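Worksheet: the structure to be examined is printed underneath.
The values are calculated or read from the model by the stated rules, or taken from the named source; none is laboratory data. Please read these numbers as outputs of a predicted model, since none were measured by experiment. Cβ sites come from the backbone with ideal geometry, for glycine too, and all protein chains shown count toward neighbours.
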Amino acid sequence: MSGPNVKKWRQNVQMNQHNLLAAYKAGVKLGFGADSGANPLRVPGFAEHRELQLMCDAGLPPLAAISAATQGSAEILGLADRGVVAPGKLADLVVLDADPSKDVANTQRIHAVWHRGKKTAGPIENFMP
């Protein structure tokens, strides 16, 4: 945290958050996670929780950040069969033990993961790939 680039990186994050909030307020469709796995320090499946938190720290309500991660990303990618819980959509769900609309950190309180209608994992601390 005392490296020569840390100050610049913090300023970059602040600018990114400022721009994200401006885009959100302007009604720009937001997506999520396009750079997942592009950096050895960014672990897919865990870094997304940090991304959600940063979005909320920027000023987005938790459900807006979650909607960007789900519905927004699906729409941007043209994937009409996913992104929302609705009849006729793929049954990909993360079941939580706490309400993420109250605190986006509750997305980390995973009870179960369902992929295409089948349970694939339980609580994150019990998951064995």
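Only a single criterion out of (1) touching a residue at least 12 places away in the same chain (Cβ under 8 Å); (2) under 19 Å from TYR24 (Cβ atoms) is not satisfied by ALA74, namely (1). Of all residues in segment 22-46, which are modelled with pLDDT of 85 or more, of a type in the set (A, V, I, L, M) and exposed (fewer than 15 other Cβ atoms within 10 Å of the Cβ)? Selection gives ALA22, ALA23, ALA26, VAL28.
A search for C-beta distances below 8 Å between a residue of segment 97-108 that is at positive phi and any residue that is assigned to a loop (DSSP other than H, G, I, E, B) and of a type in the set (A, V, I, L, M), counting only pairs 6+ apart in sequence or on different chains, returns nothing.
LYS25 meets the conditions (1) over 20 Å from ILE110 (Cβ atoms); (2) in contact with a strand residue (DSSP E or B) (Cβ under 6 Å, 6 or more places away or on another chain); (3) among the charged types (D, E, K, R) in every case but one. The failed one is (2). Taking GLY59 as the residue in question, decide whether it is more than 29 Å from LYS118 (Cβ to Cβ) and touching a residue at least 24 places away in the same chain (Cβ under 8 Å). For GLY59, the condition - more than 29 Å from LYS118 (Cβ to Cβ) and touching a residue at least 24 places away in the same chain (Cβ under 8 Å) - is met.
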